[in-house]
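Notes to accompany the following structure.
The values are calculated or read from the model by the stated rules, or taken from the named source; none is laboratory data. In this text, all values refer to a predicted model and were calculated from it rather than measured experimentally. Virtual Cβ from ideal backbone geometry, glycine too; neighbours counted across all protein chains shown. Each accessible area value is taken on the protein alone, full model and side chains, heavy atoms only, with ligands, DNA and RNA left out. Shrake-Rupley method; radii C 1.70, N 1.55, O 1.52, S 1.80 Å.
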Amino acid sequence: MKYITFAVPCYNSESYMRRCVDSLLTGGKDVEIILINDGSTDGTAQIADEYQLTYPDIVRAVHKENGGHGSGVNKGLELARGIYYKVVDSDDWLDRDAYRKLLARVKEFCGGGRAEFEDDIPDLFVCNYVYDHLDEGSKRSMDYRNIFPTEEMCNWNSIGHFRPSQYLIMHSLMFRTEILRKSGVKLPEHTFYVDNLFSYQPLPYVESIYYMDIDLYHYYLGREDQSVNEKVLMKRIDQQIRVTELVAKSVDLNGVKKKYPRLASYMTRNISIMLSISSIHLLLIKTAEAEQKRKDMWERIRAYNSALYFRLRFSTLSGLTYLPGRIGGKLTVSGYRFARKIYQFQ
């Protein structure tokens, strides 16, 4: 039995992927690690094959044509045999002690290795993640203590309120594989920022949540070519807008609200955050074309769902990123700079 499937999409990752894979090997034969070589042109494929040869009961190397990060996530989910599925980016890693605690708890829920286990295991594990500026020697842990009870089963109707700096990202989540497949989530190829869709669309299918207050995932920040780098974000703004719109259209929030009103509130806020990020980076580009894209993005939201548009347009968060005029734009950018400094994101 494989308790957890770790999917590691790799593209030209030879200089850092060993740190990632070595941290995952801590789970031994209780886990499977799928290394998806996404058409790399460096030594990534050889390193993946080397791990498969050395750890044939744990590691699988998969080689495919380049399709982007989302394509790798999709392929991993297609092949996954683990009860749970977690994506780990090839430049990130897991804390070994926290990982052992998580795996031990998963095994407890799943009957310690019995061929059959009760169906009352969590649909979703939530753990802390760490913004790790490894090269600068600084890091910041992001926890959910105010939202979920610690190491107790709960559901969306019993969660607390998210602070402005808190949201559920791929790095903090480990879904039951069955839930992901049931949700039908499929990420677009050749597109960045698709992890937003992965950590959003399956949420209404989750009926039970288990939070562990452990700093599990180390999210490396610092590479100049990283997708969350501000200059890279501006360069790929069209992809960011596309994913924002895909997220907005992926779930019927009115339906969610009837069953899980607190989840619906969070999911609406999540769209608001994404719209805010897109709006801010369009402002930072400082061209007439970018300003038009910002207007068009909002208009497409209105055309798709006018009620959602007005909720977002006049919300505290995304509404403040769509202030009129040059002064409004300056206020928006200043607020973003302040938040980036406080929360230490890229």
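Here are some notes:
- Residue among 165, 172, 138 that is polar (S, T, N, Q), closer than 12 Å to residue 124 by Cβ and in contact (Cβ under 8 Å) with a residue 40 or more places away in the chain: 172
- One residue stands out in the range 277-286 among those that are touching a Ser or Thr at 6+ places or on another chain (Cβ under 9 Å) and open to solvent by less than 10 Å² (accessible area, probe 1.4 Å): the one that is nearest to residue 314 (Cα to Cα), namely 279.
- Residues in the range 303-320 that are open to solvent by 60 Å² or more (accessible area, probe 1.4 Å) and at pLDDT below 90: 304, 306, 310, 311, 314, 316, 317, 320.
- The range 250-276 - residue that is within 16 Å of residue 164 (Cβ to Cβ) and over 17 Å from the mean Cα position of the chain (by Cα) and, of those, most open to solvent (accessible area, probe 1.4 Å): 265
- When residue 67 is tested against (1) more than 21 Å from the chain's Cα centre (by Cα); (2) more than 24 Å from residue 127 (Cα to Cα), only condition (1) is not met.
- Sub-9 Å Cβ pairs linking a first residue in the range 41-70 that is assigned by the TED database to the domain that holds residue 187 and closer than 20 Å to residue 23 by Cα to a second residue that is among the aromatic types (Phe, Trp, Tyr) and open to solvent by less than 20 Å² (accessible area, probe 1.4 Å), at least 6 apart or interchain, are 58/51; 59/51; 61/51, ordered by first then second residue.
- Residue identified as open to solvent by less than 40 Å² (accessible area, probe 1.4 Å) and within 22 Å of the chain's Cα centre (by Cα) among 58, 36, 47: 36
- Pairs with Cβ under 6 Å, 6+ apart, first in the range 178-197 and outside the structural domain of residue 269 (by the TED database), second modelled with pLDDT under 95 and not in a helix (DSSP H, G or I): 192/227; 192/236
- Selection status of residue 149, assigned by the TED database to the domain that holds residue 89, modelled with pLDDT of 95 or more and farther than 20 Å from residue 87 by Cα: yes
- Against the conditions (1) among the small types (Gly, Ala, Ser); (2) modelled with pLDDT under 95; (3) assigned by the TED database to the domain that holds residue 152, residue 248 satisfies every one except (3).
- Sole exception among (1) surrounded by fewer than 20 Cβ atoms within 10 Å (Cβ to Cβ); (2) on the phi < 0 side of the Ramachandran plot for residue 28, by number: (2)
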